[in-house]
Amino acid sequence: MTVSDIIRQLIAMSEPDGELTFDELNALCGLDMPPEDIEDIFGALRDAGVQLVEQRG
């Protein structure tokens, strides 16, 4: 899965409330993702207005 695919899925998962949990993020990204890809993902989520939260709610 490409970084772009991950970003699209994460944004879709954040709908309708604009929130995404760290667990949801980790489930798609995994532990072996390079730091520059993680930075790209965080930037895209920020640009899309997605907030990372501990729990939805």
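The values are calculated or read from the model by the stated rules, or taken from the named source; none is laboratory data. Worth saying up front: this structure is predicted, and the values here are computed from it rather than measured. A quick note on method: Cβ atoms are made from the backbone with ideal geometry, for glycine too, and the neighbour counts reach across all protein chains shown. Accessible surface is based on the protein model in full, side chains and every heavy atom, while ligands, DNA and RNA are left aside. Shrake-Rupley method; radii C 1.70, N 1.55, O 1.52, S 1.80 Å.
First compute the accessible area of the chain with a 1.4 Å probe, then give the percent of it belonging to carbon and sulfur atoms.
The C+S portion of the solvent-accessible surface of the chain is 50 percent.
Hey, what's the chain come to in accessible area per residue, 1.4 Å probe, Å²?
Per-residue accessible area for the chain comes out at 68 Å².
Please report, in debye to the nearest 20, how large the charge dipole of the chain is about its Cα centre when each Lys and Arg carries +1 at its beta carbon and each Asp and Glu carries -1 there.
Approximately 140 debye in magnitude.
Semi-axes of the chain's equivalent ellipsoid from the Cα gyration tensor, sqrt of 5 times each eigenvalue, largest first, rounded to whole Å? Show your work: numbers first, answer last.
On the way: eigenvalues 60, 29, 20 Å².
Semi-axis lengths for the chain are 17, 12, 10 Å.
For the chain, what does the helix formula give at 222 nm: sum of -39500 (n - 2.57) over DSSP H segments with n ≥ 4, over the residue count, nearest 500 deg cm²/dmol?
-17500 deg cm²/dmol
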